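A.B. asks: Quick one: the structure is below, questions incoming.
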Amino acid sequence: MPEEFKPKILIFSTNFISDLAIDLTGLLHRHYPVTTSIIRIPCSSMIRPDIILYAFQCGFDGVFVAADGTDCPFLKDCSDRTAKRIAEAMELLKKHGIEPERLKMSAICSVCVEPFLKHIHDLYEKVKKLGPIKRKPE
Amino acid sequence: MKQANEYDVLIIGAGIAGIEAALTLGDAGYRVLLVEKEGSIGGKMALLSKTFPTLDCASCIATPKMAAAAHHPNITLLTYSEVQEVVKNGEADFSVKILKKPRYVDLDACTGCGICETVCPVIVSDEFQYDMRGRKAAYIPFDIAVPKKAIIDLDNCILCGSCERECPASAIDFTQEPETLEVKVGAIIIATGFKLFSPTLRPEFGYGRCKNVITAMQMDRLLAPTRPYNSVLRPLDGKEPMRIAYILCVGSRDRKVGNPYCSQICCMYSIKQAQLIMGALPLADVAIFYIDIRAFGKGFEEFFNQTQAMGTMFIKGRVIVVEEDKEGNVVVKYEDMDDGGRLKEDTFDLVVLAVGAMPNSDITKVFKNVKIELDEVGWIKQVDPNNNPATTSVPGIFVAGCAAGPKDIPDSIVEADAAAAQCMAYLNEHKYGRKR
Amino acid sequence: MAKRIGVYVCHCGGNISDTVDVEKVVEAIKNYPGVVVAKHFMFMCADAGQKMIEEDIKKYNLDGVVVASCSPKLHEMTFRNCVARAGLNPYLFYHVNIREDVSWAHSDNPEEATKKAIRHVKAGIEYVRHAKPLEKIKVKTIPSVLIIGGGIAGIRAALDLSRMGVNVFLVEKSPFLGGRTAQIWKVFPTGETGKEIVRRLIEELKKRDNIAVYTNAEIESFSGFLGNFTVKIKVYPRYIVKKHPRITEAIKKCPIEVPNEFDYGLTKRKAIYIPYEGAYPDLPVIDMKHCNKCGECVKILGDAVDFNQQPQTITLNVGAVIVATGFDAYEPKEGEFGYKKFQNVITLPQFERILDISNNEEKIMFNGKEVKSIAFIYCVGSRQIPTGPEKVNEYCSRYCCSVTTHLNAELFKKFKDLTIYNIYRDIRTYGKYETYYEEAGRKGAVFIRYDPNDPPQVCAEGDKLLVTVRDLLTNREEIEIPVDLVVLVTGMVARENKKLEDILKLPIGRDGFYQEIHPKLRPVETNIAGILIAGTCQGPRNIQETLASASAAAAKAASIVLRETIELEPLVAFVDPSKCNLSKLCMKECPVNAIQEKEYEGLGVKAWVNEALCIGCGACVAVCPTEAIQLKTLSTDQIRAMIKAMAEEI
Ligand SMILES: Cc1cc2nc3c(=O)[nH]c(=O)nc-3n(C[C@H](O)[C@H](O)[C@H](O)COP(=O)(O)OP(=O)(O)OC[C@H]3O[C@@H](n4cnc5c(N)ncnc54)[C@H](O)[C@@H]3O)c2cc1C
Ligand SMILES: Cc1cc2nc3c(=O)[nH]c(=O)nc-3n(C[C@H](O)[C@H](O)[C@H](O)COP(=O)(O)OP(=O)(O)OC[C@H]3O[C@@H](n4cnc5c(N)ncnc54)[C@H](O)[C@@H]3O)c2cc1C
Ligand code: SF4
Ligand code: SF4
Ligand code: SF4
Ligand code: SF4
């Protein structure tokens, strides 16, 4: 029997907002897929679409952007800007034959434990269904 | 942390007002001693759900300020401590005695891991959850506490020793004794906040008599991200309530209980909760019995209109009495003022009392040779409201936030910064005389 | 690139090590490129742990440190300070979270949790490998503050700053200080007149020697950043250049009479005038719009009058700016509740003037007739209900219920046999002001509640007015109230101030008032660092609240200018000019216009980040086509290296 596919998911969290929620999730000993990795950034609007593509190229099967949303300490229109980056990234992914559903963004407030858990589980399940990325041989 | 014995400003009370004043003074280069009687700073705001009218999550926006206060190089934090005595020796010269209550936990060693909490066998009612849940005798005040360190509640501890054995940092120390600190300060800000009206003083509203009557503070906890249960549940049977009523002005605008003032926040927090309930329990109906809806601040009226549009019922009605029926539901009898005062009744699954804000001015007793005047209801009196609202009856002592009267968070912040400004001006005139 | 990195993995007394196999973590990374020492320890944050790191930095001559422990929110600062104590640049440190993010979140799967910890630690090492030493940004501050608007908010802020030892420039557009407060008859809770309140503030102001007051002055241009702004102001001529003992006489002689705007045209003033007794500065002004240069005043005042006085431009250097430009009273539309249709329908501000002007009378006189009955109609111009696309004032004006109920009580105190009707929607005497409502009721004021969808009608009946209203409190019964005077309780609206708003680029909220950066926690700051807002320009409020916000703005300004330099974390972007192709996309993306063009030697014009303005959001980073713009604390190369490290199979 082939080994069960456990998607590797990269999470971008934000220093002042969503990372606090992820902290709190751990603090409450709430579990989520362990094949995740987390990178903290100042604000989700700084994510370059090519970086997201890069993550997939490096071997990640899914990317979750835990955005600042309206709580963003920097930008009033942070959600719009992040959404724009994500839309661009999705186009980029499509071009490279990667299903855009592997990428997900959602605003996670600094105590949004439940929403975080829900989103990360949902993404995990979705990516699991999609299976490993069919990477073109280089 | 090493403690100096001289500070520019002593701030009593580390709710959002005390924290804000400390940060502003600290940023301006003044050395601040911030004294809080509870085990964590943050005051009521740290326990709220979301804030009107922006629906920002209260704990999310409070935590960064709390952390900043804890890490600020110019701020010394003393939690679980009380000011015992203040003597004014002259302008910009106060002698202060502070009692550091024993936590029985070494603050430097404790890592906030919560193991003591897990192993402690004693469960008592949790005051930070407004008694809706239990906590242990060894406990961290609440999830977002700052400092996030344990306290042993010796009144309830059975001295089983489990926490001491299990604590990986060996932080538990039953030999701690109360400690008195003596410090000198140049100015003082009183930021002791407010108390909630005790609803049993108005027995007709059923608190304590009807199981499914709770206070709005309890509802705010039920709606908070760090809430006791995972949903809004009513106390009697843990059912999700489908019909919820609010009774406003409980203990406010009421000379019978000695409080002629309006509490300024309860209309808005009730409206806020109504919106949050509609989010948490989409099928629930919310009715608000009011006398006047006081949506007076920036963005409040718009928020009120939005809540009405979302379907909350607003009934201008004076509630006469509240009774429990056989199923534990709550029958509300009221005069419908928009219907000529006709007597009506309606049944709800849960009734929330919008309890008012009451003065918390006991602190004035520790001032030995100066008298801090109170107003007719007992709030710290702002003696020069139309010229310099942060001043009290004693030069060098200023007041901030709800200690001077009920108000919302932004107004508390504004007053805190105003008090900070007065401290800086006062200290400059009486102590530093600097020119920059 | 850091080549001598120390990695420290914390057990957190079991909190981490019960789940994560810390030894395995150390084992897995000890040969990772750049790592020269890797250890695990019971409590990294404890004194012993910190000492160990400090000693290792010296012993191994480390050029980078990674600590893997609890959340950085708890101890990032602790360890930054720790490495700094050992002489290492504190930005060559990275804090990896393996407690909240790993051991606690995955206590159900120790094996995989250990792998996740290894991934995170590797990413931390990559971060440090690519990190550069950074310095805090130091901004020199100018120890002066500019205050725009000389109402009570502006004066209060000026006094507070002056008392702190800060120089103040107070710029007022009109010829006199005091703003609208001076127009009020009696102010709660002290019962003083508005003028007395202004006078007290002015008396204090006169004693200060570090406040420069410019009246008749406006802001012309504005540039700079937090701590160091350059502002040009234009001071318009007063045409009266010095004091003269016969001023009163000269004013009398002036033949020109125009409506006095201070009294809403209820009285007249001359072309040379002082709006009210005690106004400050106590030097009249000549209103050139109306003066015909007849020379009557010159005959008396001689060279105290100078018709040739020219506007002056002055350049000011300041560290912070407080905007305190106040409000306007809502002006009802013609016909709104009979306004301008019937003479005896007036607004609350006008009524205040009538009461103040006739303060010595025993009766309220209006148009030569005694006023014995008054109807106040509340919420005029406030709490408007949107019906179409037209913008309305949806907000409540906050001050008016308290003022009007307090006025009820004051009127009863002073005048006998008065009948007062309050036709209202909700009485919003919040907080302590509730006692005015109570008192008004106790003294016999009548309260009638109206439905905004069926508002009261005002029509004339003889020389009286008839107000028709359905009272919600008595079954919507229609009642007709004959009164001598109808007073419209008008709200506050944002003051027309387009020129200033354009120059300062002030953020404006949906209600037209200036927008604070954070409505809950930063009520006097704007999104422009160093520009603060005070008083009613931010939103309606009463005097006490105005003064508190003024002091608050003064405190925030002080926390900027009281220190010679302010240190800011280097959380900013920077441009590598050799990569920049001047696409200018970053400039469009930056929310605070921090990116400018600059000539680089040998490279030509390229983008440049003004660190004092940059807020470090990184929005620019995402749009740069050549990766020329980066955040100092987290470069794209760092992110890439971290991703790569995390993706590797373990
Ligand atoms: C149910 C409810 C909902 C609310 N919702 C909102 C909302 O949505 N939006 C909003 O803007 N406002 C809201 N408020 C109001 C808000 O809680 C207050 O504006 C705010 O808490 C005031 O802060 P404070 O620091 O003045 O007082 P507090 O929060 O009361 O803090 C006072 C602090 O002083 C400490 N203290 C007291 N006595 C002493 C002593 N003797 N020595 C040392 N320390 C002492 C206390 O322990 C406490 O930490 C709500 C209030 C309630 C009750
Ligand atoms: C009828 C009425 C009765 C009231 N009664 C009471 C009461 O009894 N009690 C109470 O507490 N409050 C009362 N208020 C509220 C009180 O008037 C205000 O709170 C207070 O005046 C606000 O002061 P301010 O300094 O913010 O604004 P303002 O008084 O409006 O002052 C603003 C100043 O800024 C100047 N300015 C504007 N634009 C510029 C510019 N571009 N450049 C330079 N200068 C500029 C203006 O000329 C003005 O001098 C009443 C208000 C009204 C309308
Ligand atoms: S010693 Fe006290 S606090 Fe500690 S576990 Fe036992 S009962 Fe709880
Ligand atoms: S704010 Fe509202 S509920 Fe609270 S006392 Fe005032 S009128 Fe009553
Ligand atoms: S304060 Fe009173 S009169 Fe003024 S707008 Fe609000 S409700 Fe209307
Ligand atoms: S980081 Fe943000 S504020 Fe700084 S230059 Fe880039 S876009 Fe502007």
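A.B. asks: What's the percent breakdown of Cα-Cα distances in segment B:242-315 across 10 Å bins, shortest bin first?
C.D. replies: Here the calculated profile for segment B:242-315 is 20, 50, 24, 5.
A.B. asks: Compute for chains C and A the buried accessible surface, both sides summed, probe 1.4 Å, and express it in Å² to the nearest 100. Write down the numbers at each step before the final one.
C.D. replies: On the way: alone 30650 and 7890 Å², together 34810 Å².
It comes to approximately 3700 Å² buried between C and A.
A.B. asks: Work out, in µm²/s and without decimals, the Stokes-Einstein translational diffusion coefficient of chain C at 20 °C, 1.002 mPa s, Rh from Kirkwood over C-alpha pairs.
C.D. replies: 72 µm²/s
A.B. asks: Report the label-to-label distance for C:K505 and C:V605 in nanometres (one decimal), using points 7 Å from each Cα along the Cα→Cβ vector.
C.D. replies: With each label point 7 Å from Cα toward Cβ, the separation is 1.8 nm.
A.B. asks: So what J values fall out for segment C:225-241 if you push phi through Karplus, 6.51 cos²θ - 1.76 cosθ + 1.60 with θ = phi - 60°, rounded to Hz, Gly and Pro as x?
C.D. replies: My calculation for segment C:225-241 gives 8, 2, x, 7, 10, 10, 10, 9, 10, 10, 9, 7, x, 9, 6, 10, 9 Hz in order.
A.B. asks: Hey, another quick one. Enter the angle in degrees (range 0 to 90, nearest 10) between the Cα long axis of helix B:300-309 and the first principal axis of the Cα atoms of chain B, meaning the one along which they spread out most.
C.D. replies: 30 degrees
A.B. asks: Keeping every protein chain in place, order B:C266, B:C160 by accessible area at 1.4 Å, biggest value first, i.e. largest first.
C.D. replies: Result, largest first: B:C160, B:C266.
A.B. asks: Rounded to the nearest 100 Å², what is the buried accessible area between C and B, both sides summed, probe 1.4 Å?
C.D. replies: The summed interface area works out to 6500 Å².
A.B. asks: Search the structure for amide H atoms under 5 Å from the amide H of A:T36, placed 1.01 Å from N in the peptide plane, and list their residues when 5 or more places away or on another chain.
C.D. replies: Those qualifying (amide H under 5 Å, at least 5 residues apart or on another chain) are A:I9.
A.B. asks: Still on this structure, I have one more. Summing +1 for each Lys or Arg and -1 for each Asp or Glu, what net charge is found among the other residues whose Cβ lies under 13 Å from the Cβ of B:Q273?
C.D. replies: The answer is +3.
A.B. asks: Pick from A:I38, A:I86, A:I17 the residue whose mean-square fluctuation is largest in a GNM of chain A, springs joining Cα atoms under 10 Å.
C.D. replies: A:I38
A.B. asks: Next up: Using helices alone, I'd like the mean residue ellipticity at 222 nm for chain B: each DSSP H run of four-plus residues gives -39500 (n - 2.57), total over residue count, nearest 500.
C.D. replies: -6000 deg cm²/dmol
A.B. asks: Once you sort the root eigenvalues of the Cα gyration tensor of segment C:253-404 as a ≥ b ≥ c, which label holds: rounded (a/c under 1.5), prolate (a/b larger than b/c) or oblate (the other case)?
C.D. replies: Oblate is the answer for segment C:253-404, as a/c is 1.5 or above yet b/c matches or exceeds a/b.
A.B. asks: Now for a different question. Quick check: at a probe of 1.4 Å, how many percent of the accessible area of chain B sits on carbon and sulfur atoms?
C.D. replies: Working: 7710 of 15340 Å².
That fraction is 50 percent.
A.B. asks: Further, regarding this structure: How big, on average over all directions, is the shadow cast by the Cα convex hull of the protein assembly as shown, in nm²? Walk me through the numbers on the way to the answer.
C.D. replies: Numbers: hull surface 209.2 nm².
Mean projected area for the protein assembly as shown: 52.3 nm², to one decimal.
A.B. asks: Between B:D336 and C:N453, what FRET efficiency follows from the Cβ-Cβ distance if R0 is 22 Å, with the result rounded to 0.05?
C.D. replies: 0.75
A.B. asks: Order these peptides, B:11-17, C:609-615, by their mean beta-carbon neighbour count within 10 angstrom, highest first.
C.D. replies: Per-residue Cβ counts within 10 Å, averaged per peptide and sorted highest first, yield B:11-17, C:609-615.
A.B. asks: Return the calculated 222 nm mean residue ellipticity for chain C, to the nearest 500 deg cm²/dmol, obtained by summing -39500 (n - 2.57) across DSSP H runs with n ≥ 4 and dividing by the residue count.
C.D. replies: Working: 16 runs with 176 residues, N = 650.
Rounded to the nearest 500, the figure is -8000 deg cm²/dmol.
A.B. asks: For the Cα atoms of chain C, what angle does the longest principal axis make with the long axis of helix C:152-163, in degrees from 0 to 90, nearest 10?
C.D. replies: Helix C:152-163 sits at roughly 50 degrees to that axis.
A.B. asks: Still on this structure: If R0 is 60 Å, what FRET efficiency do you get for C:S221 and B:S231 from their C-beta distance, rounded to 0.05?
C.D. replies: Details: r = 57 Å, r/R0 = 0.96.
Efficiency computed from Cβ-Cβ geometry: 0.55.
A.B. asks: How big is the C-alpha Rg of chain B next to the rule-of-thumb value 2.2 N^0.38 Å, as a ratio?
C.D. replies: Values: Rg = 22.8 Å, N = 436, 2.2 N^0.38 = 22.2 Å.
The value comes to 1.03.
A.B. asks: Here is a follow-up. Using a ≥ b ≥ c from the Cα gyration tensor of segment A:85-138 (square roots of the eigenvalues), is it rounded, prolate or oblate, where a/c under 1.5 gives rounded and otherwise the larger of a/b and b/c decides, a/b for prolate?
C.D. replies: oblate
A.B. asks: Using all C-alpha to C-alpha distances in segment C:555-650, build P(r) with 5 Å bins and read off the rounded percent in each one.
C.D. replies: Histogramming segment C:555-650 at 5 Å steps yields 2, 13, 20, 19, 15, 11, 9, 7, 3, 1, 1 percent.
A.B. asks: Using the basic label-point model (7 angstrom from Cα toward the beta carbon), what is the A:H29 to C:K59 distance in nanometres?
C.D. replies: Simple spin-label model gives 3.6 nm for this pair.
A.B. asks: Please give me the summed charge of the neighbours of B:Q422: other residues whose Cβ is under 12 Å from its Cβ, Lys and Arg +1, Asp and Glu -1.
C.D. replies: Around B:Q422, the charge tally is -3.
A.B. asks: Still on this model: At what distance in nm do the modelled label points of B:V87 and C:E390 sit from each other, each positioned 7 Å from its Cα along Cα→Cβ?
C.D. replies: Simple spin-label model gives 7.0 nm for this pair.
A.B. asks: Can you list residues from other chains, or at least 5 along the same chain, whose modelled amide H is less than 5 Å from the amide H of B:V105?
C.D. replies: B:I152, B:D173
A.B. asks: What is segment B:115-166 by shape, rounded, prolate or oblate, if you read a ≥ b ≥ c off the alpha carbon gyration tensor as root eigenvalues and call it rounded for a/c under 1.5, prolate for a/b larger than b/c, and oblate otherwise?
C.D. replies: Judged from the Cα gyration tensor, segment B:115-166 comes out oblate (a/c at least 1.5, b/c at or above a/b).
A.B. asks: Could you work out the helix-only [θ] at 222 nm for chain A, with each DSSP H run of four or more residues adding -39,500 (n - 2.57) and the total divided by the number of residues, to the nearest 500 deg cm²/dmol?
C.D. replies: -13000 deg cm²/dmol
A.B. asks: Against the longest alpha carbon principal axis of chain C, how many degrees, from 0 to 90 and to the nearest 10, is the axis of helix C:543-561 turned?
C.D. replies: 40 degrees
A.B. asks: Let me ask something else. Considering only C-alpha atoms, what is the centroid distance from segment C:420-463 to segment B:346-363, in Å?
C.D. replies: Value for the Cα centre distance between the two parts: 28 Å.
A.B. asks: Next question. Around C:R510, what is the net charge, scoring Lys/Arg as +1 and Asp/Glu as -1 over all other residues with Cβ under 11 Å from its Cβ?
C.D. replies: -1
A.B. asks: From the phi angles alone, apply the Karplus equation (6.51, -1.76, 1.60; θ = phi - 60°) to segment B:359-365 and give each ³J(HN,Hα) in whole Hz, x where the residue is Gly or Pro.
C.D. replies: Along segment B:359-365, the couplings run x, 10, 10, 3, 4, 4, 5 Hz.
A.B. asks: For segment C:524-532, in order, what is each residue's ³J(HN,Hα) by Karplus, 6.51 cos²θ - 1.76 cosθ + 1.60 with θ = phi - 60°, in whole Hz (x at glycine and Pro)?
C.D. replies: 10, 9, 10, 6, 9, 4, x, 10, 10
A.B. asks: Determine the per residue accessible area of the protein assembly as shown with all protein chains present and a 1.4 angstrom probe, expressed in square angstrom.
C.D. replies: 38 Å²
A.B. asks: Taking amide H positions as placed in the peptide plane 1.01 Å from N, state which residues far from C:E220 in sequence (5 or more) or on other chains have amide H under 5 Å from it.
C.D. replies: C:K232, C:I233, C:K234
A.B. asks: Between B:A284, B:A145, B:A420, find the one with the highest GNM mean-square fluctuation for chain B; connect C-alpha pairs within less than 10 Å.
C.D. replies: Highest fluctuation among the options: B:A284.
A.B. asks: When the accessible area of each residue in segment B:413-431 is compared between its chain alone and the complete protein assembly (1.4 Å probe; ligands, DNA and RNA ignored), which residues differ by at least 30 Å², being lower in the assembly?
C.D. replies: With the partner chains in place, segment B:413-431 has these residues losing at least 30 Å²: B:I413, B:V414, B:D417, B:A418, B:A421, B:Q422, B:M424, B:A425, B:N428, B:E429.
A.B. asks: Still on this model: Average partner chain C-beta neighbours within 10 Å, per residue of C:615-628?
C.D. replies: 6
A.B. asks: Could you list, bin by bin from short to long, the percent of Cα-Cα pairs of segment C:330-493 in 5 Å steps?
C.D. replies: Once binned at 5 Å, the Cα pair distances of segment C:330-493 give 2, 9, 18, 22, 23, 16, 7, 2, 1, 0.
A.B. asks: Using only Cα positions of chain A, each an equal point scatterer, no hydration layer, compute I(q)/I(0) via Debye at q = 0.14 Å⁻¹ and quote the log10 values to two decimals.
C.D. replies: Values, matching the q order: -0.60.
A.B. asks: Report the FRET efficiency, 1/(1 + (r/R0)^6), for C:S578 and C:T474, where r is their Cβ-Cβ distance and R0 is 60 Å, rounded to 0.05.
C.D. replies: My answer for the efficiency is 0.15.
A.B. asks: Using a 1.4 Å probe on protein heavy atoms, which residues of segment B:147-176 have at least 10 Å² less accessible area in the complex than alone?
C.D. replies: Listed by number, the residues meeting the 10 Å² cut-off are B:K148, B:P168, B:A169.
A.B. asks: About the Cα centre of segment B:115-166, what is the dipole size in debye to 20, counting +1 per Lys and Arg Cβ and -1 per Asp and Glu Cβ, all else neutral?
C.D. replies: Using only the charged Cβ atoms, the result is roughly 140 debye.
The values are calculated or read from the model by the stated rules, or taken from the named source; none is laboratory data. Note that the coordinates shown come from a computational prediction; the quantities given were computed from them, not determined experimentally. Neighbour counts run over all protein chains shown; Cβ positions are idealised from the backbone, glycine included. Just the protein is used for accessible areas: all its heavy atoms, side chains included, with ligands, DNA and RNA removed. Shrake-Rupley method; radii C 1.70, N 1.55, O 1.52, S 1.80 Å.
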